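Before any comments, here is the structure.
Computed from the coordinates by the stated procedures, all read-outs in this text should not be read as laboratory data. Nothing here was measured: the structure is a model prediction, and the numbers come from that model. Note that we place each Cβ from the backbone using ideal geometry, even for glycine, and neighbour counts take in every protein chain shown.
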Amino acid sequence: MSQVAFYQLRTTALEKALPKLLEKAISGGMRAFVVAGSEAQVETLNAALWTYDPASFLPHGTAQEGAADRQPILIATDASTHGDNPNDASLLVLLNGAQVSGPASFSRCVDMFDGRIDSELTAARARWKRHSDAGDEVTYFEQTADGRWEKRA
């Protein structure tokens, strides 16, 4: 993996912020594999992608629903049980510290975490250092008060 972008949530819930990033990825011709922290989060995100904007549609599915290879956006909790890249995605989205065993098969990774929680911020800093030490191209975006993303590093 060469590009890792950290996204620190500060003002908007994950269910509101993630669909916008996925929308941008899909419009750019990318496929996305989203690795959530729990089955409950998978279900919350699945519902959010159906309802976040009545005028928009994000084609997606969950690993539990099957047909992973046909999903432009696939949401799962554990990549190892579904293969390292089950939907042949170019974008990997890791939520709240989730990890995969084969990140090199993705051209870009987004590591999104809640910066209002000290333990998540500390863990994200450790992941940043690990990627930086490995020679990955690391960038950092912080959410502004109005919900936009501002590049910080």
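Only Cα pairs within less than 10 Å get springs; with that Gaussian network setup on the chain, which residue of 84, 118, 136 has the largest fluctuation? Maximum fluctuation in the GNM of the chain, among the listed residues, is at 118.
Are there trypsin sites (Lys or Arg not before Pro) in the stretch 99-141 that DSSP marks as loop and that have at most 13 other Cβ atoms within 10 Å, and which are they?
For trypsin sites (Lys or Arg not before Pro) across the stretch 99-141 that sit outside H, G, I, E and B with at most 13 neighbouring Cβ atoms in 10 Å, the list reads 116.
The phi torsions of the stretch 118-124, fed into the Karplus equation with coefficients 6.51, -1.76 and 1.60 and a -60° offset, translate into couplings of 3, 5, 5, 5, 4, 5, 5 Hz, rounded to whole numbers, with Gly and Pro shown as x.
Rounded to the nearest 20 debye, the dipole magnitude of the chain is 440 debye, with +1 charges on Lys and Arg beta carbons, -1 on Asp and Glu beta carbons, and the Cα centre as origin. A dipole drawn for the stretch 6-90 from +1 and -1 charges on Cβ atoms has a positive end, and of 18, 41, 71 the residue lying farthest that way is 18. Inter-label distance, residue 151 to residue 47: 3.6 nm, where each label sits 7 Å from its Cα along the C-beta direction.
Checking every one of the chymotrypsin sites (Phe, Trp or Tyr not before Pro) in the stretch 1-93 against DSSP loop status and a limit of 13 other Cβ atoms within 10 Å picks out 57.
Each stretch of four or more DSSP H residues adds -39500 (n - 2.57); spread over every residue of the chain, this sum gives -9000 deg cm²/dmol at 222 nm. Among beta bridges from DSSP that stay inside the stretch 3-151, the antiparallel ones total about 10%. Which residue fluctuates most in the GNM of the chain (Cα springs below 10 Å): 100, 35, 110? Between 100, 35, 110, it is 100 that shows the largest mean-square fluctuation.
Using the structure shown, select from 20/129; 24/129; 20/151 the pairs with a Cα to Cα distance greater than 24 angstrom.
20/129; 24/129
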